[in-house]
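The values are calculated or read from the model by the stated rules, or taken from the named source; none is laboratory data. Computed from a predicted model, the values in this text were never measured in an experiment. Because the Cβ atoms are built from the backbone with ideal geometry, glycine has one as well, and the counts that use them run over all protein chains shown.
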Amino acid sequence: MDIETVSPLWDGELCSVRFDRETGAWFVIAVHSTRLGPASGGTRAMVYPSVGDAVADATRLATAMTTKMAVAGLPMGGGKSVIALPAPRAELGDERWRRILRIHAANLDELGGTYTTGPDIGTSSADMDVLRETTRFAFGGSAATGGPGSGAPATALGVFTAVRAAVAEAGLGDGGVAGLRLLVQGLGAVGARVAELAAEAGAELLVADLDPQRCAAAAARGARVVPAAEVTRTRCDVLLPCATGGLIDARVARTLPCAVVAGSANNQLADSDRSGHDAPDHEGAALVLARRGIIYAPDFVANAGGAVHIVGREVLGWTEDQVTRRTLEIGATLRKVFADARAYGITTEQADHALAARRLADAA
């Protein structure tokens, strides 16, 4: 994919791209909207097939952040930054990685507060501490440096709250998961905690991850390990995508053997655009799921706990208890989304975008 293909299709406010010859890294910052306030969104650092793919990921994620902030009622706009690494993080070495972070900090300063970042896939609270050495525009630093620490626990709590709401909507019970089969794909910081919450609540737990050590740890706690390639073909009540996005396209949606999809991954639906409309050339995944009666909890609602945690603590001055209460409101938001989808005969993704659009219009 090339930049010329991506950029004309995006309706965001700005996208900056920079290359550092010394490290071989590309830096992308995408700001989709500042209508509700300065843009915010995490920094994703990983290897991409091309810089065009990195730009596509950044713009797509920035758009989703606008929706996430609006639906969560937070006074921030949507943005995202992507660092396209020349090699996996573990192969870069500490000195090279610190240079990458210093350049990223300089890029943030260039925007003068239009965009503030936080941790995401490939970055951590410790990396935010490094950014904060030279820029003010980084959220989510470690507790040791006075920051709020990782947003992963709040994200996991929000996802589990979303699961409960979606289970009730699917008619599988009153929102409890005891006795239900839950399949967690991805056992990173968020997925592992969601799996723990599910097991504590009495669910039959299935897990999948590319890292055999993570799988072994989950198996030792009683989970059944499913091969990563079999995730979308394994029968379960609830599928929780908690790894990278793009898991479900229309083809997969037609045979997905579950009643609920609710996870933390961004862009879980691979072939539906972020305005909530199905891809124009074919029936999109969201519509296929809806027609089959599979309840989809839109990712930008289900995974908003991390944003609530960081914005609540760093911008609004909330206590941990306030963050927890606001995160639990994800359940009420989803019930509103589900009710709108039923009332208007639309997908839950479309209902969620409509809710965000109303809040953006009110702000304007």
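With respect to Asp362, is the statement that it is surrounded by fewer than 23 Cβ atoms within 10 Å (Cβ to Cβ) and assigned to a helix (DSSP H, G or I) true? Before the answer, list the steps.
Values: surrounded by fewer than 23 Cβ atoms within 10 Å (Cβ to Cβ): yes; assigned to a helix (DSSP H, G or I): yes.
Against the criterion (surrounded by fewer than 23 Cβ atoms within 10 Å (Cβ to Cβ) and assigned to a helix (DSSP H, G or I)), Asp362 qualifies.
Just so you know, in segment 222-248 the residues that are modelled with pLDDT under 95 and not small (Gly, Ala, Ser) include one that is nearest to Gly186 (Cα to Cα), and it is Thr244.
Residue-by-condition table, conditions (1) within 24 Å of Ala351 (Cβ to Cβ); (2) in contact with a helix residue (DSSP H, G or I) (Cβ under 9 Å, 6 or more places away or on another chain); (3) among the aliphatic types (A, V, I, L, M); (4) surrounded by fewer than 24 Cβ atoms within 10 Å (Cβ to Cβ):
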| site | (1), (2), (3), (4) |
| --- | --- |
| Leu36 | yes, yes, yes, yes |
| Asp53 | no, yes, no, yes |
| Ala62 | yes, no, yes, no |
| Thr66 | yes, yes, no, no |
| Ala72 | yes, yes, yes, no |
| Met76 | yes, yes, yes, no |
| Arg99 | no, no, no, yes |
| Tyr115 | no, yes, no, no |
| Asp120 | no, yes, no, yes |
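Within the option set Arg44, Arg98, Arg89, Arg21, being in contact with a Leu (Cβ under 9 Å, 6 or more places away or on another chain) and among the charged types (D, E, K, R) holds for one residue only, Arg44.
Does Gly113 satisfy being of a type outside the set (D, E, K, R), more than 21 Å from Ala302 (Cα to Cα) and assigned to a loop (DSSP other than H, G, I, E, B)?
Values: of a type outside the set (D, E, K, R): yes; more than 21 Å from Ala302 (Cα to Cα): yes; assigned to a loop (DSSP other than H, G, I, E, B): yes.
Yes, satisfied.
Inspection of segment 69-79 finds a residue satisfying the criterion of being farther than 18 Å from Gly24 by Cβ, among the β-branched types (Val, Ile, Thr) and either assigned to a helix (DSSP H, G or I) or not assigned by TED's automatic domain parsing to the domain that holds Ala189 (or both).
Restricting Phe300, Phe338 to those that are surrounded by 14 or more Cβ atoms within 10 Å (Cβ to Cβ), of a type in the set (Phe, Trp, Tyr) and over 18 Å from the mean Cα position of the chain (by Cα) reduces the list to Phe338. With respect to Leu108, determine if the residue is assigned to a helix (DSSP H, G or I) and closer than 14 Å to Thr43 by Cβ. Taking the combined requirement at face value, the residue satisfies it.
Identify, from the list Gly78, Gly37, the residue that is out of contact with any Ser or Thr (no Cβ under 6 Å at 6 or more places or on another chain) and closer than 30 Å to Ala332 by Cα. Before you say what the answer is, go through the steps one by one.
Working: Gly78 fails: out of contact with any Ser or Thr (no Cβ under 6 Å at 6 or more places or on another chain).
It is Gly37.
Ala208: at pLDDT below 95, within 26 Å of Ser150 (Cβ to Cβ), touching an Asp or Glu at 6+ places or on another chain (Cβ under 8 Å) and surrounded by 13 or more Cβ atoms within 10 Å (Cβ to Cβ), yes or no? So Ala208 does not fit the description; no.
Scan segment 308-334 for residues that are touching a helix residue (DSSP H, G or I) at 6+ places or on another chain (Cβ under 6 Å) and assigned to a helix (DSSP H, G or I) and the total you get is 11. Which of (1) within 18 Å of Phe27 (Cβ to Cβ); (2) at pLDDT below 95 is the odd one out, the single condition Ala87 does not satisfy? For Ala87, the exception is condition (2). Does at least one position in segment 55-63 carry a residue that is more than 30 Å from Thr327 (Cα to Cα), part of a helix (DSSP H, G or I), outside the structural domain of Leu334 (by TED's automatic domain parsing) and acidic (Asp, Glu)? No, segment 55-63 contains no residue that is more than 30 Å from Thr327 (Cα to Cα), part of a helix (DSSP H, G or I), outside the structural domain of Leu334 (by TED's automatic domain parsing) and acidic (Asp, Glu). Considering only residues in segment 289-307 that are part of a loop (DSSP other than H, G, I, E, B) and of a type outside the set (D, E, K, R), the one that is farthest from Ala166 (Cα to Cα) turns out to be Ala304.
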